[in-house]
Amino acid sequence: MSHVVLYTAAFIISLCLALALTPLVIKLAYKIGAIDKPNHRKVHTKIMPRLGGLGIYAAFVGAYFAVQPFIPEGLFRSYDKNLVNAMLAGGTIIVLIGALDDRFELSAKVKLLGQIIAACVVVFGFGVKIDLLNIPFGEAMQPVAAWVSIPITILWIVGVTNAINLIDGLDGLAAGVSGIAIGTILIMAAVMGFAPVILLSALLLGGVIGFLVYNFHPAKIFMGDTGSLFLGFGLATLSMLGFKQVTMVSFVTPLLIIGVPLSDTFFAIIRRWINKKPIFAPDKGHLHHCLRELGFSHRRTVLIIYAIASFFGLCAILQSTIVQSDAANWITFGVILVIVFFLQIGAELIGIVDKSRRPLLSFLQRLLLRTEQSRSK
């Protein structure tokens with residue numbers, strides 16, 4: 001079986017399994033009481049089944065074992081096999097934690113412990129960790145000592161896993177944003193010829209798209225923590241290829257791939273710190289909440305965030321293709337400045353941190369006023 005046929009078959013099988021299994025998950029969720037009830041923080045107005053991530057996970061795993069006998073010998077190296085096994089083992093732990101939370105609503109500390117255990121399985125069980133970095137204005141390859149790489153990897157996995165969980169507030173939002181990020185990783189892996197990541201991305205993308213048929217507004221099922229944690233874990237693991245393939249991408253690239261959930265998480269932390277609230281305290285100040293307050297419909301809000309996620313994905317792809325040029329360091333620096341500038345402008349316009357504080361916009365207004373006064377003189 002050729003490589004392209006293998007990846008295509010993996011995607012189609014995963015897609016079909018998600019389409020077939022999600023209705024069964026809906027019935028299971030109602031039967032065991034894994035349901036989401038409306039409250040003042042939530043948009044939906046009726047009881048909804050969650051646990052939808054179980055359909056994505058089952059499609060991912062089922063499709064993998066369906067195509068495994070047809071994987072050409074020699075396609076995967078020993079490290080590549082470790083990456084696949086790390087995804088399967090760590091992902092299973094994450095799904096178990098998420099499923100228990102969807103049914104019994106675990107405490108934040110218990111969920112965090114489960115995520116750390118899954119990350120440790122990836123790092124210590126299969127040796128998958130960030131051990132090389134491409135640092136701007138430095139040498140092309142910078143080895144990272146084990147005492148640094150291990151905590152960085154665990155922090156990365158736990159952080160990204162929770163970032164996806166935080167944006168899961170509207171029908172199809174987390175699944176769609178994750179799908180765009182996975183598609184970005186798939187394209188980059190295809191350019192690099194990194195076989196295990198192409199296969200895993202195709203499997204995961206098929207499951208996400210199949211699930212979105214039932215999750216896009218108006219949703220028939222929510223992915224719950226089972227799905228958001230699993231997709232976050234999958235993205236964290238797969239996006240680490242940005243650190244492994246240092247000759248192709250810079251350290252900025254994996255941050256761009258998941259730019260929407262990471263920036264939303266960053267602004268949430270700043271917002272809660274300014275308002276003197278616990279960092280893990282839930283609120284209605286996330287990006288999707290702010291866009292809804294501006295008058296955008298449920299569906300249009302989701303599509304706007306899809307567009308932002310696609311922009312980040314495009315930046316990641318472009319960044320990965322130019323990073324080897326002589327001007328790569330300056331281009332990377334410029335990309336960071338432009339993105340941070342527009343993120344701050346956008347955050348102040350929609351009030352994602354504070355409705356009244358707009359320091360950058362106020363500065364630009366004063367600058368524009370002074371310019372106009374100078375011209376009038």
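Pairs linking a residue in the range 160-181 that is on the phi < 0 side of the Ramachandran plot and open to solvent by less than 10 Å² (accessible area, probe 1.4 Å) to a residue that is assigned to a loop (DSSP other than H, G, I, E, B) and not hydrophobic (A, V, I, L, M, F, W, C), with Cβ atoms under 6 Å and 6 or more positions apart or on different chains, are Ala174/Asp168. Scanning the range 270-312 for residues that are touching a Ser or Thr at 6+ places or on another chain (Cβ under 7 Å) and modelled with pLDDT under 80 yields a total of 2.
Report yes if Ala219 is part of a loop (DSSP other than H, G, I, E, B), among the small types (Gly, Ala, Ser) and at pLDDT 80 or above, otherwise no. Considered against the rule, which asks whether it is part of a loop (DSSP other than H, G, I, E, B), among the small types (Gly, Ala, Ser) and at pLDDT 80 or above, Ala219 comes out as yes. Taken over the range 336-377, the residue count meeting the criterion of being in a helix (DSSP H, G or I) and open to solvent by 90 Å² or more (accessible area, probe 1.4 Å) is 13.
Residues in the range 225-258 that are open to solvent by 10 Å² or more (accessible area, probe 1.4 Å) and at pLDDT 90 or above: Asp225 only. Pairs are defined by a Cβ separation below 7 Å, a sequence spacing of at least 6 or placement on different chains, a first member in the range 5-21 that is without any contact (Cβ under 8 Å) to a residue 60 or more places away in the chain, and a second member that is open to solvent by 30 Å² or more (accessible area, probe 1.4 Å); the pairs so defined are Leu21/Ala58.
The values are calculated or read from the model by the stated rules, or taken from the named source; none is laboratory data. No experiment lies behind these values; they were computed from the predicted model shown. Reconstructed Cβ throughout: ideal geometry from the backbone, glycine too, with neighbour counts over all protein chains shown. Quick note on the areas: whole protein, heavy atoms, side chains included, nothing else; ligands and nucleic acids left out. Shrake-Rupley method; radii C 1.70, N 1.55, O 1.52, S 1.80 Å.
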